[in-house]
Structure formats: structure tokens, C-alpha cells
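Following: one structure in C-alpha cells, then a few remarks.
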There are 4 protein chains.
Amino acid sequence: MNIAILTSGGDSSGMNPAIKKFVECCYEKNYTPYFIYDGLEGMIDGKIKKASYKDVAGIIYRGGTIIRSSRSKRWYEKKYRKIAYENLKNNKIDALIILGGDGSFRALDVFYDEFKIPFMGIPATIDNDIPLNEYTIGVDTALNVIREAVDDIRDTASSFSRAFVIETMGRECGYLALTSAVANGAEMCLIPEVKYNLDNLKKRYLDEIKNGRSYFLAIVAEGLNISYKIKEWFEKEIGFESRVTILGHIQRGGSPTVIERLRTAEFVKTALDNIEKNPDKIVTYYDDKFVLRDLKDIVNSKYELDENMLALAKKLMGI
Amino acid sequence: MNIAILTSGGDSSGMNPAIKKFVECCYEKNYTPYFIYDGLEGMIDGKIKKASYKDVAGIIYRGGTIIRSSRSKRWYEKKYRKIAYENLKNNKIDALIILGGDGSFRALDVFYDEFKIPFMGIPATIDNDIPLNEYTIGVDTALNVIREAVDDIRDTASSFSRAFVIETMGRECGYLALTSAVANGAEMCLIPEVKYNLDNLKKRYLDEIKNGRSYFLAIVAEGLNISYKIKEWFEKEIGFESRVTILGHIQRGGSPTVIERLRTAEFVKTALDNIEKNPDKIVTYYDDKFVLRDLKDIVNSKYELDENMLALAKKLMGI
Amino acid sequence: MNIAILTSGGDSSGMNPAIKKFVECCYEKNYTPYFIYDGLEGMIDGKIKKASYKDVAGIIYRGGTIIRSSRSKRWYEKKYRKIAYENLKNNKIDALIILGGDGSFRALDVFYDEFKIPFMGIPATIDNDIPLNEYTIGVDTALNVIREAVDDIRDTASSFSRAFVIETMGRECGYLALTSAVANGAEMCLIPEVKYNLDNLKKRYLDEIKNGRSYFLAIVAEGLNISYKIKEWFEKEIGFESRVTILGHIQRGGSPTVIERLRTAEFVKTALDNIEKNPDKIVTYYDDKFVLRDLKDIVNSKYELDENMLALAKKLMGI
Amino acid sequence: MNIAILTSGGDSSGMNPAIKKFVECCYEKNYTPYFIYDGLEGMIDGKIKKASYKDVAGIIYRGGTIIRSSRSKRWYEKKYRKIAYENLKNNKIDALIILGGDGSFRALDVFYDEFKIPFMGIPATIDNDIPLNEYTIGVDTALNVIREAVDDIRDTASSFSRAFVIETMGRECGYLALTSAVANGAEMCLIPEVKYNLDNLKKRYLDEIKNGRSYFLAIVAEGLNISYKIKEWFEKEIGFESRVTILGHIQRGGSPTVIERLRTAEFVKTALDNIEKNPDKIVTYYDDKFVLRDLKDIVNSKYELDENMLALAKKLMGI
């Protein structure tokens, strides 16, 4: 059986160890591993190649994805999906493993309906925003990259009376900002999912300044697009000079952490264990177990942030 | 209510964020936080001090424990425990939180029987060897310190035909070595709990060398005390020059990871939530939840390594 | 003899090891070390305290400055300098060591003319923009923080066809951007000192894309205030999606590197070796030696970027 | 002109950026770059390959050497050197660049006398033990790897009354141990070049313990082979529990620092600028400049540790 892997959408650290595990696991199961380069775009363009141990030597500790990724507009047109299908046939690919977010899963689900190519989806995005799933590949690494940045800034923060605004990734999802703010003891946390209250924060901050507080760390999700406004707010309303750090793609590129590597291996193993007898599923991590789910169950559910974490962060949102 | 915290036995990264959380949590609950310095030894010597926010500023990212730790022989003698009790009385300490291993828990359990000082135990040791508990404070950080060392060595390993022996901490317990070997893709893993077979490994290695393998990474638990013997084995039996790295206390000192900080906060919060109405318990992490347990249940159980992980590592042990 | 140290202006990594060395060196020379907290502001407010070994334990690896820093407007008014002088007299301070940039040196030079308080200046700023001086405290650490960020981004860059804009610190001075671009192999380097040519860069980039280039790393100095414009330029003119990373204060906060610690120690030692017999000087690092200079020589010279480095970077500026 | 590069002897971080720079610089100068894999052994075995940009993409931040290294016994026999020469002729190699220590330079010097193959030597070894040369590739990175380890251990050291023995690389040369001990503020430094005095150290340590010292950091060069004896000495003579860390090959594998990358680029550029008109030289770094030297001048000089650094470390050696 020939199985191809592709990575799709935004890359995340952990994709490379997943690709390595995929090759090793295929050999153990007597499958033949293939790479599809450049995601769905590459499938349309026929960038398909047999993979070997040599291709994955030394990639376990690298962020990003060696088979590259893409966002594909062409995929929405049936004629390109047809071409992609022909490319798979020509290369005798029997099944697909895709690493990406729910958009990527939907892309292959449509493809399955049309051409019956079995696939398994593995959640990989630093947003951690897949419903019915508690971990997506890349998250623990991204969180630790943010932690190191916050720790570095804390040292200099205490040298000066200043407010530091740190913008983390996450378009519609504030998971990284929320978790980082709680884990690293920030004073402010603003995310798209929750209506924050700056007036309440102002009252509290002015009180704290009277009691000796000399700096503020604010963690703000990229999706709100307000980092520079918050900087001005600190300067105008709180009277503290303020500085912005936009972490950007550093968050996708750190070396995969231990948990990243271990979970990644389980995701891939579960996908390959089931692809023959139970295809067209998404492997999810839920309640400390790896569980197969139908895409429609995921699509029909709503992603929600952890209640516990939200409760801990309320104070940081002024609510 | 006056509550004192102490750290006991070997230190581990994560103790400092725990101490910080303890102070913050006490204030939230209107408890008065105290520090006992130097563990049980310090309790005997009366090193007890009221704690404040200022004491814990800027410690969240530091390994080790700012209130220091110790191993106490005097504690085994009732007369010293009596002195410790007097010291607590003089300082009006109503209850204790202890971070340490099961030896430390037993020490306070005896003390509770004698003097009725309520306490809560929080597992903190990089060995991760507490029965009925899946996480001890310090483990995720230690694993990531080891990972970085292995990644550094891998770069140089591929430059030279060599075998690298990396010794991780863990006296009777091979948890760190086992998990690191699996997560980092080592070729050998030797731990005290499992009888390994060097003859089988030799056969496999010689085969692999024929097929082009040019280096070996071996992860060996400290408790076996064989790192230098394995080095010689590689040179004599496999014909590869070999080098030893003893990671030592680096593993206790890295900056606490995100998971470390989050779990640490939950451990401390659970302890303080329950110390009044349900004291003399150990807070354990089990099946992704924080569960209170009686010490005797823990003592009467046997610590066991994860079956899954062991299965993955069998090949690396030659069995 | 009582000598006080203060840090002034923007903080930089290396100030803490300098403070530690100051205390140790004072003891060796039988001087009594004092701290002035919060820079010149603190001198006006009388925040002066005798220092001890204990104050500097464990600070060698921390970024920022434990005695804090400030920018002082009041210092420009003679009445406040008079107050500062009274504070020094009351604390029996005989001489001052100041870590900062040339603005800070000028502040103490004026003070010396008025009140005859001997001082020595030590260049400490991540801008590395002091004339007749080749190294300012903080630079090697900042460069290595930037390097790690660029390396992280490079991994993810090769996963996707994208242009990454990385903004480094430096208001009027492009030293960090220039050196980082050369050291890390960036494709673009824009700094305030040199007129760049985007049209030339565009021509070259479009050629390189034809020849297979799949990503761009651009390093841009903060002082130009164009990071987001360059992002748009890449999207519009080059046709590559683009992302911005603003490193911000991370660059002031990394743990001081080895060179930072060694040079810092020499700066402080040279200052203390000369403060009695040859005060009112700036310690400079020049041609691999530590040289005392008069402030007026520094002030009358112009800071210039290294010719060699500029030559190497011309291609990255389109000139 | 066809120029080949090889790496020889122990690998060091910085070899990869040197290899990258070599390829880039060759293209700029219209030379054709070649790789010789596996050092002198590979030259004998004919492992010679034309190099391209693609071979060096993404290697700038990796420790070790992608063209691998070796120590060659066969090279001492003329018949193997003859074979090596034939291999070069067959591949039309006109000149060689070698990265390694003085043993490697001597190997090519003999070869030059016999076969007139022009070469340039670039010092690359973490020992930093080449006479008339102040920097060898790999040193700044190795020093910073050691620094991070020492900093990690310091955190845990202050948690416990303990003595920590850290063994750094360096067979006959104590450069790394000496510089690290001074830069990181260790209490003991033992190196092969200097006769230390444990009795004096004991006296001082016992005094310091009385005055409150609670831990010791000892940095010991590998070449002395006494790390475990020093551990026992601390336990027996000083009464402190002691732990050993053997850093080993971690020191060769960290990501090259900024200074590493910059100096590496200058070394390679200087070698290629001169190989045609002035071959058979060693590029040295001396007094902040890159200087060509005859091998015999180097061989006839004696490597000596920096006087200044030795003076600073005397106290740590008990002399």
C-alpha cells in the first residue's frame, strides 16, 4: 500500500517529527511512504515523490515542514481536484495523511466524496482551535517560544517603569495569548473571544501603581489587531511608556518540545493504524487519549476555550 | 490561618513557580504565607519567615528553589521533630505544604500522627516515581533540557562515526531516560527497571552499520552506573569510538516550561483549596485531573513505568 | 573611599554582570561600593544604598539592571543637580561609575564641572553608537538574541513562499540590523545611515525568484519606522505574502554572553583602576584594548559604522 | 579554478557556516567549489563532489560539519597520500582549503612538499590551542554552551549545600575551562597547564563556608582526568556533597554564535582571497586582524594561555 503525507495551511513546529514518524511507521507496517510537496497546490502540480529514511534524517528538531505547505485557491475548483486525483493515480497513491487545520480536512473530505481516496487528518496548527480536540501539533512548542520571550522581557521590564505589549499569533483564536498570559503571570490578556474592559483594568492598574507596581506585561492576540492601540492606551491612560513586541513566525519555528514529539508520534501512529480499516477520519486528542472522529462531528461542534483557563484570566481582561 | 511551605529532598525546576503561586494563592484566600527555609532541617532549626509578594517577584523562570532544600537525618529522631513542632507553634504556623518525593511525605505523615499539624504533599522530583501519580513537578523541564542536549550532540554525531552515551538523572527510576530515548529517537536506552540485552543490540547495530548507520546515541539512566562501561562496550564490541556526557544537575536547573508552570499552579491551588477541610493528603495528577490521595494508598502501591512507552523502547533495550 | 554605581538610559544585557563585578572589584581594592537606584532620577531622589556581595549573588546571568535605570528631565535643571550633589555628600560618596550612552556621560560631565565629583563612564547601550569606541555593553547578547530569532524564522520560512520582515532595535543607529543581516545571511538590510534602493532590490529579487528562491528574510532597523511598509512592498511589488516580527525588548533581556561578561569585567576593572588618579574619563574599547578617553574627544568625533561590514551589506541594500 | 574544502580532526561549531561561506565566496570569485567528505580519509577514498548553493541551504545554524570529519592513520603512509593525489587530479582539483587543528595543517604541508597542491589552513578546533593565533572556529560557541550549563547549575546550586564539578573539553589545553571559570564566576578552575594547589583551596573554602558560602562551582579540564577525584575531594576534605557534570560533545554542537559566524566568514574570505597568489599558508586571527602565516612559524612557536586570564584565575587554582 502506498501512502502519501502532505502538510497544509500555516506550518507549525512538530510537522517535521510527524513526517519522520510517518516514514518510520510506514516501514514498520510495510506501507510505502510518499511525500506530496507544497500541500494541496503540490498535489495539483504533481509534486509527489517516494520517501526514504534518508529524507528524514536530522529533521526531528527542526521547526516548520520540510515538505512545505501552501494555501490553495485552485482546490475549490473541481477541475483542479480532478488533476490532483489523476496525479495520485499516476503515482499509485492509495491513501493520504494530511496535517493541517479544519479547512484542510474539509478539502480532503470533499475529495473523498468525489474520488474515494481514503485519508486521515491530523490536527496541526498553532491556533489549537479544532473542536472536540484538545491538542494540535505545534502548540506546546509555540507556548514555550512565547514563554522565553516573556521571560527575557521581564528582566528588562523590572529595570525601567514601562508597559510591554507582546502580540502572539492567532487570528480568530486567542488560545496562545490566553494560555501564555496565565502561565507567565502577565497583567493583561486580550483575546478575540472575550469582551475585555479597559476601564476596569485602568482602575486596577492605577491602584497597583500606587502600591508600587513598576511595570506591566500585556499579552494580546494578533487577531484583535490592537497591539499599537494598547501601547498608546498605556501611555495616555496609565502614564507609562510602552513598547511593542510582535513575535510573529518565531512561534512556528522553535525546536519541537518533548511533548510535541511524543504526541506527534501518537497522532501519526494512530492514523496509520487505522487508515486501512477505518479511513476518512480525523485523529483527535481528547481527555488524554487519541480518538478517531468523523469530520462532520468536528465541523458541527464549536471550538471553545478551556473554562478553567478563562476563569483564571478574567482578572487580566478587566471582567 | 498561617500556612508555611517547604521544599524537601532533591530540588527540581518548577519549585520556584510553585512557591510564587503559593504566596499569591494564600493572599487570595486570606491565608498568611510563610516560608520554611532549608526543608526539614530548617524546620528543626527554626528558619521560618513570613513571606510576601516581594519575595517571589521574578522567580517564576528560575530553576531550583529559593527557599532551598535539604535531606534531614535528624528528623528520624523524635526529639528533633519535637523541636520542629515547637518552632511551628512559636511562629503560629497552622498548616504545612511540602514539595518533595514520597520520603518527604512520609516525614510529615509521621509528624501529623504525633503533633496533628495538618499538611498537604505535592509531588516534586525529576524522577517522576510516585505511585498513583502521573506527573511530578520538574519532569517536563528536565525532559526538555535533555532534549536540547541530545539535539546538540546529534549535530556533531553526524559529523563523525561515533557512539555517544548520554547519562540522565534517576537513581532507581529510569523515567527520564526512557521518555527521552523515545522522544528523541535514540538507538539505545538502558534503565534500572528492565533487563536489557547487549548481545541482541550488538547484532542489530552491526547490521545497521553495514546498511550505512554512522553514529549511535545511547541514553543511560544514572542509577545503573554503567555509562563508562557502555562507552567501552561500543569501542570494543562495535568498533566505534565513544564519548560520554553526564548531564547531571543541568536537569534540575532549566527555566520551568509552560506545562511545568500550569501544572504547578494547579497542584498548589488544589492543595490550598483543601487544606482546611481535607488535610493530610497528597495531591496527585492522574488521568489529566488533580486528585487527593491518602499517603498510605500511595505507599502501598508500586510505581510502574508507562506500558506504552516501554513497548516503544523495547527495541532500544535489545529485548 | 566610597564609590557609587548607577545605570542610565536604556538598559542592556551585561549591566548586571557589570554591577556584580563592580562590587567584587571594590572589595578587592578596599573601596566601599554603593548603589544609586533608578539612575539620575534616583540620585536626585536620594535612592543611595551601601552594596554587598549578597545584593549581587545570582545576577550574573540576568538581563536588564537590578539597580534600574531612568531618563531624567529634571537633571537639566541646576536645582535638581544641586539636590543630587547634596544627596551624594550626605552619603559620603566620593566618586561615581555610570553605565549608559553618551547622553549619560554628558550629564555627569556637567555635574563634574559644577561639583567636582569624580566619575568614570562605561559605554552600555545596545545601539553600539559611541564614537572612538568599538563595543558597548549589551551588544553581543542582543546580536545573539536576534540570531536565534532569525534562525527560528528561517525554519518556517523554508516551509512556505514568504517574505519575513524582522525589525531590530536602534533609533538612529543601524548597527544591530547591519551586523545581524551580515552574520545571519539575510536578503535585505535597511538602516537609517544608508540610502537604500528598493528598485534595485526588486530587480534582483524577481530574478532570484525565477531561479528558484522561495523566501526572503529582511532585517530592518527600528529607527526607519518602515517595517509594515516593507511588508506591503513585498506583497505588492514582489508578489510574496509577508509577515512582520518586531523583536522589541527581547533584545535587552537575554542572558549575557561570554564575551559580554568578559568585556564587562574589563570595563569595570579599568574604571576602578583609574578613578582615583585619572577620573572624569570614559573607558572605551578600541583596537582590542581598553582605553581612557576625555568626553570631549568622544563628543567631537562622529560615530561611524564599520566600512567592512557596510561593504558586505551593500548588496542587501540595493546599492 | 576548482577548489575543494575538507574538515579534519575533531569537529567544532562554526564549520558549517564556514562551508556555506566557502561555496558563496567561490561563486563570487568564479572558482568552482568542491567538497571532500570525511576529511583526509575521504580524500584517500575519493569522496569528492562538486558543491552547489543547494548543498549549503539552511546549514548556517547547525553545529558539526555536514561534510563530516575524520582522523586518518593511513595518511602517514606515502602510498595513501599518492592515492589521495590521484583522486584530486582525477577530479581536477587545483587547491585545497582545510579546517582543523595543527595536525591537519601538517598533513597538508607534507602533501604540498610532495605534490605541490596549494592549500590554505583555517584553525578550527574548540581547544583554541594554535600558536600565533587568538581564535579558532568553534570557541565562542563552545564557551556559550558551557555558560548556559553553568547558569542552569547555579540555580540549583543555590538550593542545596553542594559542590558541582563541571568538566569541559580540552585534552592538553585548558582554554575552555580557564575562560569559562573566569567568565562565569566559578570558585575552582583546574587545567593541565598550571600546577594547582588543593591545600590552599581547602583553607580558603573552609573560611568561606564559615562566612556563609553555601555552594561551589568547579570547572575542570577534561585533559586532567580528575573530575571524579575532585568530587571525592569535596566530599572528604570540604564536607560538601558533590555532583559531576561531563559536558562532552554538547560543546561541539551548539548553534554557531554571531561572532562565530562573522569570524568564520572572514577566515574563509581571507583564505580564498590569497590562495592563488600566496598559497600554503595558515590564516590566523591575531590582534583583531586576519594574518597569513607559514606553518613552520606556527609549529616553531608555543601556544600560551592569555596572561591576563591566568592572573584572574590564580585564586581559583589555589596559587
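The values are calculated or read from the model by the stated rules, or taken from the named source; none is laboratory data. None of these values were measured; they are calculated from a predicted model. Neighbour counts run over all protein chains shown; Cβ positions are idealised from the backbone, glycine included. Surface areas here come from the heavy atoms of the whole protein model, side chains and all, with no ligands, DNA or RNA. Shrake-Rupley method; radii C 1.70, N 1.55, O 1.52, S 1.80 Å.
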Restricting the search to region D:107-129, which residues are of a type in the set (Val, Ile, Thr) and either over 10 Å from the mean Cα position of the chain (by Cα) or surrounded by fewer than 24 Cβ atoms within 10 Å (Cβ to Cβ) (or both)?
D:VAL110, D:ILE117, D:ILE122
Cβ pairs under 6 Å, 6+ apart or interchain, first in region D:47-70 and without any contact (Cβ under 8 Å) to a residue 12 or more places away in the chain and more than 8 Å from chain B (Cβ to nearest Cβ), second open to solvent by 30 Å² or more (accessible area, probe 1.4 Å) and of a type in the set (Phe, Trp, Tyr), ordered by first then second residue, are D:LYS47/D:TYR37
Just to verify a result, which residue in region D:188-206, among those that are of a type in the set (D, E, K, R) and more than 25 Å from D:ASP155 (Cβ to Cβ), is least open to solvent (accessible area, probe 1.4 Å)?
D:LYS202
Only one residue in B:GLU241, B:GLU276 is more than 10 Å from every other protein chain (Cβ to nearest Cβ) and over 15 Å from the mean Cα position of the chain (by Cα), so which one is that?
B:GLU276
Given the criteria free of Cβ contacts under 8 Å to residues at least 40 places away in the same chain and either within 13 Å of another protein chain (Cβ to nearest Cβ) or touching a strand residue (DSSP E or B) at 6+ places or on another chain (Cβ under 8 Å) (or both), does C:THR32 qualify?
yes
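Being among the small types (Gly, Ala, Ser) and away from chain A (no Cβ under 13 Å) is the filter here; which residues of region C:244-273 pass it?
Matches in region C:244-273: C:ALA265, C:ALA271.
Step by step: first the residues of region B:71-80, then only those that are in contact with a helix residue (DSSP H, G or I) (Cβ under 6 Å, 6 or more places away or on another chain) and away from chain D (no Cβ under 14 Å), then the one that is surrounded by the most Cβ atoms within 10 Å (Cβ to Cβ). Which residue is that?
For region B:71-80, the residue satisfying everything is B:TRP75.
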Please find, within region D:207-227, the residue that is farthest from the chain's Cα centre (by Cα) out of those that are assigned to a helix (DSSP H, G or I) and crowded, with 17+ Cβ neighbours inside 10 Å.
D:SER227
Select from region D:140-183 the residues that are open to solvent by less than 20 Å² (accessible area, probe 1.4 Å) and without any contact (Cβ under 8 Å) to a residue 40 or more places away in the chain and write down the one among them that is farthest from D:PRO17 (Cα to Cα).
D:SER159
Within region A:136-172, the residues that are more than 7 Å from chain C (Cβ to nearest Cβ), among the polar types (S, T, N, Q) and farther than 21 Å from A:ILE226 by Cα are A:THR136, A:THR141, A:ASN144, A:SER161
Unique residue being of a type in the set (Lys, Arg) and touching a helix residue (DSSP H, G or I) at 6+ places or on another chain (Cβ under 7 Å) when the list is B:ARG204, B:ARG213, B:ARG261:
B:ARG261
Can you name every residue in region C:157-204 that is acidic (Asp, Glu) and assigned to a loop (DSSP other than H, G, I, E, B)?
C:GLU172, C:GLU187, C:GLU193
Inspect all residues belonging to region C:39-58 and state whether any of them is open to solvent by less than 10 Å² (accessible area, probe 1.4 Å) and over 24 Å from C:ALA107 (Cα atoms).
yes
Checked pairs for region C:262-289, first without any contact (Cβ under 8 Å) to a residue 12 or more places away in the chain, second among the hydroxyl-bearing types (Ser, Thr, Tyr) and open to solvent by less than 40 Å² (accessible area, probe 1.4 Å), C-beta under 9 Å and 6 or more apart or across chains, list as C:LEU262/D:THR179
